[in-house]
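Here's the structure, in C-alpha coordinates; my notes come after.
The values are calculated or read from the model by the stated rules, or taken from the named source; none is laboratory data. What you see is a predicted model; the values in this text were computed from it and never measured. Cβ placement follows ideal geometry from the backbone for every residue including glycine, while neighbour counts extend to all protein chains displayed. Side chains included, ligands, DNA and RNA excluded: accessible areas come from the protein's heavy atoms. Shrake-Rupley method; radii C 1.70, N 1.55, O 1.52, S 1.80 Å.
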Amino acid sequence: MGNDLRRLRGIRHAQVQGAPMSPGQENALEDEQQFWKRRGWLISGVWVVFLIFPILDLVNTPYPMPVRVIGLALVGVFAAVYLHAYAKYSWVVGQGGTRDSMALASFTILALILVLAIPVAGVSSLGLMPFVTSYAAFLLTKKWTIATYTVAALICLILPLVLRQFRDSLFLIGLNLVMMVVYAITVAAITRAVAAEEMRADYLVVAEQERVARDVHDGIGHSLTALNLKAQLAMRLLDAQQYEGARAEMQQLSDLAVQALDSVRTTVQGLNRQDLHAELAQLRQACQDNGLSFTVVGNPDVIPLRFRSHTAWILREALTNVLRHAHASALRIHFGADHVSVDDDGDGLGASVAGHGIRGMQERARQIGATALVEASGMGGTLVQLTFHHSSQETA
(Lines give C-alpha, C1' and ligand atoms only; values in the text may rest on other atoms or scores of the structure.)
Protein backbone atom coordinates (compact mmCIF):
# COMPACT_ATOMS: atom_id res chain seq x y z
CA MET A 1 0.00 0.00 0.00
CA GLY A 2 2.70 2.47 0.97
CA ASN A 3 4.62 1.83 -2.25
CA ASP A 4 1.43 2.35 -4.28
CA LEU A 5 0.88 5.73 -2.66
CA ARG A 6 4.46 6.76 -3.40
CA ARG A 7 4.21 5.53 -6.99
CA LEU A 8 0.91 7.35 -7.60
CA ARG A 9 2.32 10.60 -6.22
CA GLY A 10 5.39 10.17 -8.42
CA ILE A 11 3.20 9.70 -11.49
CA ARG A 12 1.25 12.86 -10.69
CA HIS A 13 4.46 14.83 -10.22
CA ALA A 14 5.78 13.60 -13.56
CA GLN A 15 2.59 14.68 -15.30
CA VAL A 16 2.58 18.10 -13.64
CA GLN A 17 6.17 18.69 -14.78
CA GLY A 18 5.35 17.50 -18.27
CA ALA A 19 7.69 14.49 -17.99
CA PRO A 20 6.90 11.38 -20.04
CA MET A 21 5.36 8.38 -18.30
CA SER A 22 6.03 4.74 -18.96
CA PRO A 23 3.16 2.47 -20.08
CA GLY A 24 3.13 0.91 -16.61
CA GLN A 25 2.67 4.31 -14.97
CA GLU A 26 -0.11 5.22 -17.37
CA ASN A 27 -1.94 2.01 -16.51
CA ALA A 28 -1.53 2.70 -12.79
CA LEU A 29 -3.16 6.09 -13.15
CA GLU A 30 -5.85 5.05 -15.61
CA ASP A 31 -8.46 4.03 -13.04
CA GLU A 32 -8.07 7.28 -11.08
CA GLN A 33 -8.48 9.37 -14.19
CA GLN A 34 -11.61 7.61 -15.45
CA PHE A 35 -13.87 9.98 -13.53
CA TRP A 36 -12.16 13.06 -14.97
CA LYS A 37 -12.27 11.64 -18.48
CA ARG A 38 -16.02 11.27 -18.20
CA ARG A 39 -17.03 14.01 -15.76
CA GLY A 40 -14.14 16.47 -15.62
CA TRP A 41 -15.99 19.06 -17.66
CA LEU A 42 -18.56 19.36 -14.85
CA ILE A 43 -16.09 21.33 -12.72
CA SER A 44 -15.89 24.05 -15.33
CA GLY A 45 -19.39 23.58 -16.71
CA VAL A 46 -20.95 25.67 -13.97
CA TRP A 47 -19.06 28.75 -15.21
CA VAL A 48 -20.47 28.48 -18.73
CA VAL A 49 -23.34 30.62 -17.47
CA PHE A 50 -21.06 33.65 -17.87
CA LEU A 51 -21.08 33.16 -21.62
CA ILE A 52 -24.54 34.68 -21.55
CA PHE A 53 -22.95 38.15 -21.60
CA PRO A 54 -21.11 37.88 -24.95
CA ILE A 55 -24.01 35.89 -26.44
CA LEU A 56 -26.57 38.53 -25.44
CA ASP A 57 -24.29 41.23 -26.79
CA LEU A 58 -24.02 39.46 -30.15
CA VAL A 59 -27.78 38.87 -30.34
CA ASN A 60 -29.05 42.25 -29.11
CA THR A 61 -26.46 44.57 -30.64
CA PRO A 62 -27.01 45.38 -34.33
CA TYR A 63 -23.79 43.83 -35.55
CA PRO A 64 -23.51 42.84 -39.21
CA MET A 65 -24.69 39.28 -39.77
CA PRO A 66 -21.16 37.92 -40.55
CA VAL A 67 -19.93 39.38 -37.26
CA ARG A 68 -22.78 37.72 -35.37
CA VAL A 69 -22.19 34.35 -37.01
CA ILE A 70 -18.43 34.44 -36.53
CA GLY A 71 -18.86 35.73 -32.99
CA LEU A 72 -21.29 32.97 -31.98
CA ALA A 73 -19.00 30.38 -33.61
CA LEU A 74 -16.04 31.69 -31.65
CA VAL A 75 -18.08 31.55 -28.43
CA GLY A 76 -18.84 27.92 -29.24
CA VAL A 77 -15.15 27.20 -29.86
CA PHE A 78 -14.31 29.03 -26.65
CA ALA A 79 -16.72 26.88 -24.61
CA ALA A 80 -15.55 23.64 -26.25
CA VAL A 81 -11.86 24.35 -25.67
CA TYR A 82 -12.50 25.39 -22.09
CA LEU A 83 -14.56 22.32 -21.21
CA HIS A 84 -12.18 19.93 -22.98
CA ALA A 85 -9.16 21.35 -21.18
CA TYR A 86 -10.83 20.96 -17.81
CA ALA A 87 -11.91 17.42 -18.67
CA LYS A 88 -8.29 16.55 -19.50
CA TYR A 89 -6.39 18.47 -16.82
CA SER A 90 -8.74 18.69 -13.83
CA TRP A 91 -6.53 16.24 -11.93
CA VAL A 92 -3.78 18.90 -11.63
CA VAL A 93 -5.99 21.16 -9.50
CA GLY A 94 -4.18 21.55 -6.18
CA GLN A 95 -1.07 19.87 -7.60
CA GLY A 96 0.69 23.08 -8.66
CA GLY A 97 -0.72 23.26 -12.19
CA THR A 98 0.74 21.95 -15.43
CA ARG A 99 3.10 23.21 -18.11
CA ASP A 100 1.93 20.67 -20.66
CA SER A 101 2.08 22.10 -24.18
CA MET A 102 -1.51 21.13 -25.00
CA ALA A 103 -2.77 22.87 -21.86
CA LEU A 104 -0.86 26.01 -22.79
CA ALA A 105 -2.16 25.78 -26.37
CA SER A 106 -5.76 25.66 -25.10
CA PHE A 107 -5.08 28.64 -22.86
CA THR A 108 -3.64 30.54 -25.81
CA ILE A 109 -6.79 29.87 -27.85
CA LEU A 110 -9.01 31.19 -25.05
CA ALA A 111 -6.87 34.30 -24.62
CA LEU A 112 -6.78 34.90 -28.38
CA ILE A 113 -10.58 34.72 -28.69
CA LEU A 114 -10.86 37.18 -25.81
CA VAL A 115 -8.44 39.58 -27.52
CA LEU A 116 -10.36 39.31 -30.83
CA ALA A 117 -13.60 40.05 -29.00
CA ILE A 118 -12.37 43.28 -27.40
CA PRO A 119 -12.43 45.54 -30.52
CA VAL A 120 -15.82 44.11 -31.58
CA ALA A 121 -17.75 43.71 -28.31
CA GLY A 122 -15.95 46.28 -26.16
CA VAL A 123 -16.60 45.92 -22.45
CA SER A 124 -19.02 43.04 -23.08
CA SER A 125 -15.95 40.93 -23.90
CA LEU A 126 -15.14 41.05 -20.19
CA GLY A 127 -17.74 38.30 -19.83
CA LEU A 128 -15.10 35.93 -21.22
CA MET A 129 -12.51 37.00 -18.68
CA PRO A 130 -13.65 34.74 -15.76
CA PHE A 131 -13.00 31.71 -17.97
CA VAL A 132 -9.45 32.78 -18.74
CA THR A 133 -8.59 33.64 -15.14
CA SER A 134 -10.14 30.43 -13.76
CA TYR A 135 -8.24 28.37 -16.33
CA ALA A 136 -4.97 29.95 -15.26
CA ALA A 137 -5.72 29.70 -11.54
CA PHE A 138 -6.82 26.08 -11.50
CA LEU A 139 -4.89 24.42 -14.31
CA LEU A 140 -1.67 26.39 -14.89
CA THR A 141 1.38 27.03 -12.74
CA LYS A 142 1.71 29.90 -10.28
CA LYS A 143 3.79 32.05 -12.65
CA TRP A 144 1.16 31.77 -15.38
CA THR A 145 -1.57 32.59 -12.86
CA ILE A 146 0.19 35.74 -11.61
CA ALA A 147 0.83 36.95 -15.16
CA THR A 148 -2.76 36.25 -16.21
CA TYR A 149 -4.21 37.97 -13.15
CA THR A 150 -2.04 41.04 -13.74
CA VAL A 151 -3.07 41.41 -17.38
CA ALA A 152 -6.74 40.64 -16.59
CA ALA A 153 -6.89 43.27 -13.84
CA LEU A 154 -5.34 45.89 -16.13
CA ILE A 155 -7.78 45.09 -18.95
CA CYS A 156 -10.76 45.22 -16.58
CA LEU A 157 -9.74 48.65 -15.32
CA ILE A 158 -8.28 50.26 -18.44
CA LEU A 159 -10.69 49.06 -21.16
CA PRO A 160 -13.83 50.67 -19.63
CA LEU A 161 -11.89 53.90 -19.05
CA VAL A 162 -10.66 54.00 -22.64
CA LEU A 163 -14.19 53.34 -23.94
CA ARG A 164 -15.67 55.82 -21.42
CA GLN A 165 -17.99 53.12 -20.06
CA PHE A 166 -16.49 52.64 -16.62
CA ARG A 167 -19.69 53.32 -14.68
CA ASP A 168 -21.78 51.07 -16.95
CA SER A 169 -19.17 48.32 -16.62
CA LEU A 170 -18.94 48.28 -12.83
CA PHE A 171 -20.78 44.96 -12.61
CA LEU A 172 -18.43 43.16 -15.01
CA ILE A 173 -15.38 44.82 -13.45
CA GLY A 174 -16.44 43.84 -9.95
CA LEU A 175 -17.42 40.36 -11.08
CA ASN A 176 -14.02 39.68 -12.61
CA LEU A 177 -12.07 41.04 -9.66
CA VAL A 178 -14.19 39.14 -7.13
CA MET A 179 -13.96 35.90 -9.12
CA MET A 180 -10.17 36.17 -9.30
CA VAL A 181 -10.08 36.41 -5.50
CA VAL A 182 -12.47 33.47 -5.19
CA TYR A 183 -10.37 31.38 -7.56
CA ALA A 184 -7.19 32.15 -5.62
CA ILE A 185 -8.79 31.24 -2.28
CA THR A 186 -10.30 28.06 -3.69
CA VAL A 187 -7.01 26.92 -5.21
CA ALA A 188 -5.19 27.64 -1.95
CA ALA A 189 -7.76 25.59 -0.01
CA ILE A 190 -7.52 22.69 -2.46
CA THR A 191 -3.72 22.82 -2.36
CA ARG A 192 -3.74 22.65 1.42
CA ALA A 193 -6.13 19.71 1.32
CA VAL A 194 -3.86 17.93 -1.16
CA ALA A 195 -0.82 18.64 1.03
CA ALA A 196 -2.66 17.28 4.06
CA GLU A 197 -3.56 14.15 2.12
CA GLU A 198 0.07 13.72 1.07
CA MET A 199 1.17 14.05 4.69
CA ARG A 200 -1.38 11.40 5.60
CA ALA A 201 -0.08 9.21 2.78
CA ASP A 202 3.49 9.68 4.05
CA TYR A 203 2.33 8.67 7.54
CA LEU A 204 0.68 5.55 6.12
CA VAL A 205 3.90 4.70 4.31
CA VAL A 206 5.93 5.04 7.52
CA ALA A 207 3.33 3.09 9.52
CA GLU A 208 3.37 0.31 6.94
CA GLN A 209 7.16 0.18 7.00
CA GLU A 210 7.13 -0.03 10.80
CA ARG A 211 4.53 -2.78 10.68
CA VAL A 212 6.61 -4.81 8.25
CA ALA A 213 9.74 -4.23 10.35
CA ARG A 214 7.93 -5.45 13.49
CA ASP A 215 6.48 -8.48 11.74
CA VAL A 216 9.81 -9.40 10.18
CA HIS A 217 11.57 -9.05 13.52
CA ASP A 218 8.90 -10.78 15.59
CA GLY A 219 8.06 -13.54 13.14
CA ILE A 220 11.11 -14.24 11.01
CA GLY A 221 13.55 -13.25 13.76
CA HIS A 222 11.98 -15.78 16.11
CA SER A 223 12.06 -18.47 13.44
CA LEU A 224 15.71 -17.81 12.63
CA THR A 225 16.61 -17.97 16.32
CA ALA A 226 14.84 -21.30 16.63
CA LEU A 227 16.56 -22.54 13.46
CA ASN A 228 19.96 -21.57 14.86
CA LEU A 229 19.32 -23.33 18.17
CA LYS A 230 18.10 -26.45 16.40
CA ALA A 231 21.12 -26.47 14.10
CA GLN A 232 23.50 -26.18 17.06
CA LEU A 233 21.72 -29.01 18.85
CA ALA A 234 21.83 -31.19 15.73
CA MET A 235 25.58 -30.59 15.38
CA ARG A 236 26.16 -31.56 19.03
CA LEU A 237 24.18 -34.74 18.51
CA LEU A 238 26.18 -35.52 15.38
CA ASP A 239 29.42 -34.97 17.29
CA ALA A 240 28.12 -37.40 19.91
CA GLN A 241 27.21 -39.85 17.11
CA GLN A 242 23.53 -39.75 18.18
CA TYR A 243 22.31 -39.93 14.63
CA GLU A 244 18.64 -40.63 15.33
CA GLY A 245 18.39 -37.62 17.60
CA ALA A 246 20.24 -35.49 15.04
CA ARG A 247 17.86 -36.69 12.34
CA ALA A 248 14.87 -35.68 14.48
CA GLU A 249 16.37 -32.23 15.00
CA MET A 250 17.00 -31.86 11.27
CA GLN A 251 13.35 -32.74 10.61
CA GLN A 252 12.32 -30.03 13.05
CA LEU A 253 14.68 -27.67 11.23
CA SER A 254 12.75 -28.36 8.03
CA ASP A 255 9.44 -27.74 9.77
CA LEU A 256 10.70 -24.45 11.20
CA ALA A 257 11.89 -23.36 7.76
CA VAL A 258 8.38 -23.97 6.39
CA GLN A 259 6.93 -21.91 9.24
CA ALA A 260 9.39 -19.12 8.47
CA LEU A 261 8.26 -19.10 4.84
CA ASP A 262 4.63 -18.89 5.98
CA SER A 263 5.58 -15.99 8.25
CA VAL A 264 7.14 -14.17 5.29
CA ARG A 265 3.98 -14.65 3.23
CA THR A 266 1.65 -13.42 5.96
CA THR A 267 3.93 -10.45 6.66
CA VAL A 268 3.81 -9.39 3.01
CA GLN A 269 0.05 -9.82 2.90
CA GLY A 270 -0.45 -7.93 6.17
CA LEU A 271 -2.38 -10.88 7.59
CA ASN A 272 -0.29 -11.64 10.66
CA ARG A 273 -2.86 -12.94 13.13
CA GLN A 274 -1.53 -15.33 15.75
CA ASP A 275 -3.64 -17.82 17.66
CA LEU A 276 -2.78 -17.49 21.34
CA HIS A 277 -3.30 -21.16 22.24
CA ALA A 278 -1.28 -22.33 19.23
CA GLU A 279 1.47 -19.88 20.14
CA LEU A 280 1.59 -21.20 23.71
CA ALA A 281 1.96 -24.74 22.38
CA GLN A 282 4.89 -23.65 20.20
CA LEU A 283 6.49 -21.79 23.10
CA ARG A 284 6.17 -24.86 25.31
CA GLN A 285 7.82 -27.00 22.63
CA ALA A 286 10.64 -24.46 22.19
CA CYS A 287 11.29 -24.45 25.93
CA GLN A 288 11.32 -28.23 26.10
CA ASP A 289 13.73 -28.43 23.17
CA ASN A 290 16.12 -26.08 24.92
CA GLY A 291 15.82 -27.58 28.41
CA LEU A 292 13.72 -24.80 29.98
CA SER A 293 11.01 -25.50 32.52
CA PHE A 294 7.76 -23.99 31.12
CA THR A 295 4.83 -23.06 33.38
CA VAL A 296 1.53 -21.38 32.53
CA VAL A 297 -0.54 -19.87 35.35
CA GLY A 298 -4.11 -18.74 34.67
CA ASN A 299 -6.35 -19.07 31.64
CA PRO A 300 -5.37 -17.39 28.33
CA ASP A 301 -9.07 -17.10 27.47
CA VAL A 302 -9.34 -14.12 29.84
CA ILE A 303 -7.47 -12.08 27.20
CA PRO A 304 -9.96 -10.15 25.02
CA LEU A 305 -10.25 -11.64 21.56
CA ARG A 306 -9.04 -8.58 19.66
CA PHE A 307 -5.88 -8.42 21.82
CA ARG A 308 -4.82 -12.05 21.53
CA SER A 309 -2.86 -11.68 18.29
CA HIS A 310 -0.70 -8.88 19.72
CA THR A 311 -0.37 -10.78 23.01
CA ALA A 312 0.87 -13.84 21.14
CA TRP A 313 3.48 -11.74 19.31
CA ILE A 314 4.69 -10.20 22.58
CA LEU A 315 4.96 -13.62 24.26
CA ARG A 316 6.92 -14.92 21.28
CA GLU A 317 9.31 -11.97 21.40
CA ALA A 318 9.76 -12.35 25.16
CA LEU A 319 10.69 -16.03 24.77
CA THR A 320 12.99 -15.23 21.84
CA ASN A 321 14.88 -12.78 24.07
CA VAL A 322 15.12 -15.41 26.81
CA LEU A 323 16.51 -18.02 24.43
CA ARG A 324 18.99 -15.57 22.93
CA HIS A 325 20.33 -13.78 25.95
CA ALA A 326 19.06 -15.00 29.32
CA HIS A 327 20.75 -18.40 29.87
CA ALA A 328 17.63 -19.25 31.86
CA SER A 329 16.46 -22.64 33.18
CA ALA A 330 12.82 -21.78 33.88
CA LEU A 331 10.12 -19.59 32.36
CA ARG A 332 6.67 -18.79 33.69
CA ILE A 333 3.73 -17.10 31.94
CA HIS A 334 0.92 -15.70 34.05
CA PHE A 335 -2.48 -14.67 32.66
CA GLY A 336 -4.45 -12.28 34.84
CA ALA A 337 -7.67 -10.32 34.42
CA ASP A 338 -5.83 -7.19 33.29
CA HIS A 339 -2.31 -8.34 32.51
CA VAL A 340 -0.01 -11.01 31.09
CA SER A 341 3.49 -11.51 32.46
CA VAL A 342 6.53 -13.52 31.45
CA ASP A 343 9.19 -14.29 34.11
CA ASP A 344 12.49 -16.10 33.77
CA ASP A 345 15.35 -16.95 36.12
CA GLY A 346 18.12 -15.95 33.72
CA ASP A 347 20.80 -13.29 33.73
CA GLY A 348 18.43 -10.32 33.88
CA LEU A 349 18.70 -6.97 32.13
CA GLY A 350 21.70 -5.60 34.00
CA ALA A 351 22.91 -2.39 32.34
CA SER A 352 21.81 -3.41 28.87
CA VAL A 353 19.94 -0.93 26.69
CA ALA A 354 16.50 -1.76 25.32
CA GLY A 355 16.89 -3.24 21.86
CA HIS A 356 14.60 -3.57 18.87
CA GLY A 357 12.75 -6.50 20.46
CA ILE A 358 11.77 -4.60 23.61
CA ARG A 359 10.79 -1.52 21.57
CA GLY A 360 8.73 -3.76 19.29
CA MET A 361 6.86 -5.22 22.28
CA GLN A 362 6.17 -1.75 23.64
CA GLU A 363 4.93 -0.54 20.25
CA ARG A 364 2.60 -3.50 19.85
CA ALA A 365 1.25 -2.88 23.32
CA ARG A 366 0.52 0.76 22.47
CA GLN A 367 -1.42 -0.36 19.40
CA ILE A 368 -4.02 -2.02 21.64
CA GLY A 369 -4.03 0.66 24.32
CA ALA A 370 -1.85 -1.35 26.71
CA THR A 371 1.64 -0.94 28.18
CA ALA A 372 4.61 -3.31 28.14
CA LEU A 373 6.93 -3.08 31.15
CA VAL A 374 10.33 -4.76 31.20
CA GLU A 375 12.07 -4.97 34.58
CA ALA A 376 13.74 -7.31 37.04
CA SER A 377 11.84 -10.49 37.83
CA GLY A 378 11.13 -12.02 41.22
CA MET A 379 12.57 -15.24 39.79
CA GLY A 380 15.93 -13.52 39.45
CA GLY A 381 15.85 -12.81 35.73
CA THR A 382 13.65 -10.54 33.62
CA LEU A 383 9.94 -9.74 33.85
CA VAL A 384 7.93 -8.68 30.80
CA GLN A 385 4.47 -7.53 31.81
CA LEU A 386 1.72 -6.53 29.39
CA THR A 387 -0.95 -4.49 31.20
CA PHE A 388 -4.36 -3.81 29.65
CA HIS A 389 -5.92 -0.51 30.70
CA HIS A 390 -9.60 -0.20 31.54
CA SER A 391 -10.33 1.72 28.31
CA SER A 392 -9.01 -1.18 26.25
CA GLN A 393 -10.80 -4.01 28.02
CA GLU A 394 -13.21 -6.15 26.09
CA THR A 395 -14.98 -9.31 27.10
CA ALA A 396 -13.94 -12.43 25.32
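Taking P130 as the residue in question, decide whether it is under 24 Å from R68 (Cα atoms), at pLDDT below 90 and under 39 Å from the mean Cα position of the chain (by Cα). Judged against the criteria, P130 is a match. For A103, indicate whether it is in a helix (DSSP H, G or I), closer than 30 Å to A189 by Cα, in contact with a helix residue (DSSP H, G or I) (Cβ under 8 Å, 6 or more places away or on another chain) and modelled with pLDDT of 90 or more. Yes: the conditions hold for A103.
Here K143 passes the criteria (1) crowded, with 17+ Cβ neighbours inside 10 Å; (2) over 14 Å from M180 (Cβ atoms) except the one numbered (1). Criterion first (within 30 Å of R167 (Cβ to Cβ) and open to solvent by 20 Å² or more (accessible area, probe 1.4 Å)) does I52 satisfy it? Yes: the conditions hold for I52. Regarding segment 334-341, can at least one residue be identified that is among the acidic types (D, E) and out of contact with any Phe, Trp or Tyr (no Cβ under 7 Å at 6 or more places or on another chain)? No - not one qualifying residue is present in segment 334-341.
If you go through segment 55-96 and keep only what is aromatic (F, W, Y) and surrounded by 18 or more Cβ atoms within 10 Å (Cβ to Cβ), you end up with F78, Y82, Y86, Y89, W91.
In segment 298-316, the residue that is least open to solvent (accessible area, probe 1.4 Å) out of those that are more than 25 Å from L227 (Cβ to Cβ) and among the charged types (D, E, K, R) is R308. Looking at A117, is it open to solvent by 10 Å² or more (accessible area, probe 1.4 Å), among the hydrophobic types (A, V, I, L, M, F, W, C) and in a helix (DSSP H, G or I)? Yes, satisfied.
Looking at segment 365-387 only, could you name the residues that are touching a Ser or Thr at 6+ places or on another chain (Cβ under 9 Å) and either crowded, with 18+ Cβ neighbours inside 10 Å or outside any strand (DSSP E or B) (or both)? Of everything in segment 365-387, those that are touching a Ser or Thr at 6+ places or on another chain (Cβ under 9 Å) and either crowded, with 18+ Cβ neighbours inside 10 Å or outside any strand (DSSP E or B) (or both) turn out to be A365, I368, G369, A370, A372, V374, S377, L383, V384, Q385, L386.
Candidates are the residues of segment 317-347 that are part of a strand (DSSP E or B) and touching an Asp or Glu at 6+ places or on another chain (Cβ under 7 Å); the one that is surrounded by the most Cβ atoms within 10 Å (Cβ to Cβ) is L331. Scanning segment 258-297 for residues that are at pLDDT 85 or above and either open to solvent by 70 Å² or more (accessible area, probe 1.4 Å) or in contact with a Gly (Cβ under 7 Å, 6 or more places away or on another chain) (or both) yields H277, Q282, R284, Q285, Q288. Considering segment 294-343 alone, what residues qualify as being in contact with a strand residue (DSSP E or B) (Cβ under 8 Å, 6 or more places away or on another chain), β-branched (V, I, T) and under 15 Å from M361 (Cβ atoms)? Those that are in contact with a strand residue (DSSP E or B) (Cβ under 8 Å, 6 or more places away or on another chain), β-branched (V, I, T) and under 15 Å from M361 (Cβ atoms): T311, I314, V322, I333, V340, V342. Among the residues of segment 230-252, some residue qualifies, meaning at least one is modelled with pLDDT of 70 or more, open to solvent by 30 Å² or more (accessible area, probe 1.4 Å), touching a helix residue (DSSP H, G or I) at 6+ places or on another chain (Cβ under 9 Å) and not in a helix (DSSP H, G or I).
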